[in-house]
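What follows is a set of notes on a single structure, which appears directly below.
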Amino acid sequence: MLLDIKELSVEFASMQGNVKALQNISFSIEKGEIVGIVGESGSGKSVTALTILGLLEKNASITSGSILYKGRDVLVMDKREQQALRGKEIGMVFQEPMTALHPTMKIGDQLAEVIKRHRKLPHKEAYQAGIKSLAEVHIHDPELVARKYPFELSGGMRQRVVIALAMAAPPDLLIADEPTTALDVTIQYEILKLMEELSANRGTSIMFITHDLGVVAQMCKRVIVMYAGEIVEQGETHQVLQHPVHPYTRALIGALPDLADPDEPLLAIPGESPDLRRRPAGCVFASRCAQALPLCQEERPGLEPVQQQNESHYAACWVR
Amino acid sequence: MLGEVIRVKPIIELIEVQKEYGSGTGRIQAVSQASFSIRQGETFGLIGESGSGKSTLAKIVTGLEHPTAGSILYDGKPLWTGKQFNRIQPGDMQIVFQDPQSSLDPRMRVKDIILEPLHALPSQARKEKGSEERLHALIARVGLKPDHLSRFPHEFSGGQRQRIAIARALITDPAFVILDEPTSALDVSVQAHVLNLLKELKRERKLTYLFISHNMSVIRYMCDRMAVMYKGKIVEMGTVSDIFDNPAQAYTKTLLSSLPSLHQKKVEPHV
């Protein structure tokens, strides 16, 4: 097991009380596996990523849990150890490639800088290695692109460069937070294919954060569905998408216009996400759930196997 | 739907519209030879990727950019004479933008935001359309509460902000509304509410929509007919079911097959 997160809870201090952004999250990622984390804004998917990377803001506190990376707890490491992990062991790709790149530094130099740091190579060799890594993300004329500035490249090209940067060390885990959300669908398709290929060739695990269930279906073997800072369902992607158990997962799929009959209204979820400062005692989705029982308001359901024989599909719901 | 094919009057008609930016060697054709018409009461979808020219077309239709060639007829009358925009009846055409965060003035109260388009109207019409009852009925219809009126945009979620933007567009009783990526910045469950609302409003108020989006599923769900834009040109046009079932152009096929679908795993694009 490459990454093993147990009972992780994170809070943010605010003037109106503490925002409980993550509540007892547990999941793991195996070596070479692509795991999708899906949820809407405020579900805690990005906070999970930032916590693993040690990049939480100062007002955040980790109130419980552990994050084991290759058996070592990231949360008890000091700053230097965490820094050594970031980039070298765990690569990152974020939504907006322009913010991840240095705006006034040529692509080749940016890559060389990263490679020098992680692989301890002299500049010239690092620059050559950078050009090689551009070729590996299928940039046709890597020498030419290396001499360009980020603003001279298209969004899709920039994201390829960011992926080349993230994979340069090369890391064992890649955390990708909405890496294709800002891109056109045809470019998205190419970037997804590229990430899949890199993962297959190098055995890199990918934690793929997205709001797009279609992207999950295409990319991920397993999916974790988050809602209001909790994991409500997880399992094999095709299982979860075709036989969703948690009412939230079902509602999320039902709200998509993809398969909807244009003559019928979309199945919108009533109500709003709960206030994360005052979490309900019971199920976090109960107030919006059509099937909620009295028990759902009182007691929080744990993440349990959907069927006794099936140890790969879990849901946190009292209604079965 | 089929019955309506019998000659419904177009509300807007674009005839070989062209837009060039720059001059000399730096010239860029943002839109070339775009022709289509939108019939009264239909939702016409315009789909394309970034740089395809779909937003430029929206700007030309709303009077923000002049076309360099071609003509646009609104209700049979030309919208542009050269660089001069012939203002139609004020408030008859409205627009809802993608990002309600930036399309609502952060320092205006919701009530003033919604009523602002009425300033373009003659005082008599302004008084009638801006009456308290009409305003309250409208905000109730889009799903806002009376006490929201005195608040500022930052106090609302993305979905609520888009409801404010929709109310602002409808206060003038428009016949034609341009929806430029109205749900692209919203979460899926919020998008469902807004799309449902837009469909209901269209039915109740007999609106005509030009729906601009890069999202094929949203276009399929919302529109009657559609045009596919690629590099400034309309490459395919037809009813939504025709284009989704039998895409003729290679680009449309690529677009359709690049769309990650929930149930088909890994489809190779046709290109």
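The values are calculated or read from the model by the stated rules, or taken from the named source; none is laboratory data. Treat the numbers as computed from the prediction; the structure is a model and nothing was measured. Please note: Cβ atoms are built from the backbone with ideal geometry, for glycine as well, and neighbour counts cover all protein chains shown. Accessible surface is based on the protein model in full, side chains and every heavy atom, while ligands, DNA and RNA are left aside. Shrake-Rupley method; radii C 1.70, N 1.55, O 1.52, S 1.80 Å.
What's the magnitude of the charge dipole for the stretch A:43-146 around its Cα centre, counting Lys and Arg as +1 and Asp and Glu as -1 at the beta-carbon? Answer in Debye, nearest 20.
Numbers: 15 positive and 12 negative charges, 74 e Å.
Around 360 debye, computed over the stretch A:43-146.
Once a ≥ b ≥ c are taken as the square roots of the eigenvalues of the Cα gyration tensor of the stretch A:97-190, is the result rounded (a/c under 1.5), prolate (a/b larger than b/c) or oblate (a/b not larger than b/c)? Prolate shape, in that a/c is at least 1.5 and a/b is the bigger ratio. Legend: residues A:His313, A:His238, B:His66, A:His140, sorted from most to least accessible area (1.4 Å probe; ligands, DNA and RNA excluded), read A:His140, A:His238, B:His66, A:His313. Taking a straight Cα-Cα cut-off under 27 Å and skipping sequence neighbours fewer than 8 places away in the same chain, the lysines within cross-link reach of B:Lys231 are A:Lys148, A:Lys193, B:Lys19, B:Lys54, B:Lys59, B:Lys83, B:Lys253, B:Lys266. Among B:Gln89, B:Asn215, B:Phe44, flag the residue with its Cα farthest along the positive direction of the charge dipole of chain B, charges on Cβ as +1 for Lys/Arg and -1 for Asp/Glu. Positive-most Cα among the choices belongs to B:Gln89. For chain B, the longest principal axis of the Cα atoms and the long axis of helix B:158-170 meet at an angle of about 80 degrees.
Pairs of Cα atoms under 8 Å, at least six residues apart: use those to get the relative contact order of chain B, whole percent. Mind dumping the intermediate values first?
On the way: 481 pairs, mean separation 64.9, N = 271.
It rounds to 24 percent for chain B.
Taking Cβ atoms as reference points and 12 Å as the exclusive limit, the residues near A:Pro301 contribute a net charge of -3, counting Lys and Arg as +1 and Asp and Glu as -1.
Suppose a student asked you for the relative contact order of chain A, using Cα pairs under 8 Å spaced at least 6 residues apart; what percent would you report? Let's see the in-between values first.
Numbers: 600 pairs, mean separation 65.3, N = 320.
It rounds to 20 percent for chain A.
Placing A:Leu256, A:Leu50 in order of accessible area, with the largest value first and a 1.4 Å probe, yields A:Leu50, A:Leu256. Across the stretch A:102-108, computed HN-Hα scalar couplings (Karplus, 6.51 cos²θ - 1.76 cosθ + 1.60, θ = phi - 60°) run 6, x, 10, 10, 5, 3, x Hz from first to last residue, x flagging Gly and Pro.
The mean count of C-beta atoms from other chains within 10 Å of the C-beta of residues in A:183-191, rounded to a whole number, is 5. Normalised by 2.2 N^0.38 Å, where N is the number of residues, the C-alpha radius of gyration of chain B stands at 1.04. How would you classify the stretch A:231-283 from its alpha-carbon gyration tensor, with a ≥ b ≥ c the square roots of the eigenvalues: rounded for a/c under 1.5, else prolate if a/b is greater than b/c, otherwise oblate? Oblate. Within the full protein context, the accessible area of A:Trp318 is estimated at about 90 Å² for a probe radius of 1.4 Å. Taking B:Thr208, B:Thr252, B:Thr25 in turn, the Gaussian network model of chain B (Cα-Cα springs below 10 Å) assigns the largest fluctuation to B:Thr25. Near A:Ile115, once Lys and Arg are set to +1 and Asp and Glu to -1 for all other residues with Cβ below 13 Å from its Cβ, the sum equals +3. Remark: mean inter-chain Cβ contacts per residue of B:181-193 equal 6, using a 10 Å Cβ-Cβ cutoff to other protein chain atoms. Per residue, the accessible area of the stretch A:169-320 comes to 41 Å², computed with a 1.4 Å probe over protein heavy atoms only.
Ranking A:Pro270, A:Met92, A:Trp318 by Cα position along the charge dipole of chain A, where only Lys, Arg, Asp and Glu carry charges on their C-beta atoms, puts A:Met92 farthest toward the positive end. In this structure, the amide hydrogen of A:Ala21, modeled 1.01 Å from its nitrogen in the peptide plane, lies closer than 5 angstrom to those of A:Val10, A:Glu11, A:Phe12, counting only residues at least 5 positions away or on a different chain.
For the protein assembly as shown, a crude dipole built from +1 on the beta carbon of Lys and Arg and -1 on the beta carbon of Asp and Glu, taken about the Cα centre, is about 1140 debye to the nearest 20. For the segment B:44-55, counting C-beta atoms of other chains within 10 Å of every residue's C-beta and taking the mean gives 1.
Heavy-atom accessible area of B:Thr239 with all protein chains present, probe 1.4 Å, nearest 10 Å²? Its heavy atoms expose roughly 50 Å² to the probe. Sequentially through the stretch A:10-21, phi angles give Karplus couplings (6.51, -1.76, 1.60; θ = phi - 60°) of 10, 10, 10, 6, 9, 4, 8, x, 6, 8, 8, 7 Hz, Gly and Pro residues having no value and appearing as x. Residue by residue, the stretch A:42-58 carries 3J(HN,Hα) couplings of x, 7, x, 5, 6, 4, 4, 4, 5, 5, 4, 7, x, 10, 5, 5, 5 Hz when phi is fed to the Karplus relation 6.51 cos²θ - 1.76 cosθ + 1.60 (θ = phi - 60°); x denotes Gly or Pro. For B:Ile178, nonlocal amide neighbours, meaning residues 5 or more places apart or on other chains whose placed amide H falls under 5 Å from its own, are B:Gln94, B:Ile95, B:Val96, B:Leu210.
Run the accessible area of chain A with a 1.4 Å probe and give the carbon-and-sulfur part as a rounded percent. All intermediate terms of the calculation are to be shown ahead of the outcome.
On the way: 7490 of 14380 Å².
Roughly 52 percent, rounded to a whole number.
Counting only residues at least eight positions apart within a chain, or on another chain, the lysines with an alpha carbon under 24 Å from that of B:Lys129 are B:Lys111, B:Lys145, B:Lys199, B:Lys202, B:Lys206. Of the residues A:Tyr127, B:Tyr21, B:Tyr74, the one with the largest accessible area comes first in the ranking B:Tyr21, A:Tyr127, B:Tyr74, computed with a 1.4 Å probe on protein heavy atoms. When a 1.4 Å probe is rolled over the protein heavy atoms, the share of accessible surface on the stretch B:105-145 that falls to carbon and sulfur comes to 52 percent.
Provide the net charge surrounding A:Ile231, with neighbours chosen by a C-beta distance below 13 Å and charges set as Lys +1, Arg +1, Asp -1, Glu -1. Walk me through the intermediate numbers first.
Working: positive: A:Lys6, A:Lys45, A:Arg222, A:Arg300; negative: A:Glu7, A:Glu230, A:Glu233, A:Glu304.
Here the count lands on 0.
For the chain pair B and A, the interface hides roughly 3000 square angstrom of accessible area in total, found with a 1.4 Å probe.
Among the listed pairs A:Lys20/A:Lys70; A:Lys58/A:Lys88; A:Lys45/A:Lys120, give every one whose C-alpha distance is greater than 29 Å. From the list (A:Lys20/A:Lys70; A:Lys58/A:Lys88; A:Lys45/A:Lys120), the Cα-Cα distance tops 29 Å for A:Lys45/A:Lys120. In a reduced charge model with +1 at each Lys and Arg Cβ and -1 at each Asp and Glu Cβ, the stretch A:15-76 shows a dipole moment near 140 debye about its Cα centre. Using a probe of 1.4 Å on the protein chains alone, the accessible area found for A:Cys220 is around 10 Å². In chain B, the longest principal axis of the Cα atoms and the axis of helix B:132-142 are about 40 degrees apart. Close amide H pairs (under 5 Å, H built 1.01 Å from N) link B:Thr43 with B:Tyr209, B:Asp224, B:Arg225, residues at least 5 positions away or on another chain.
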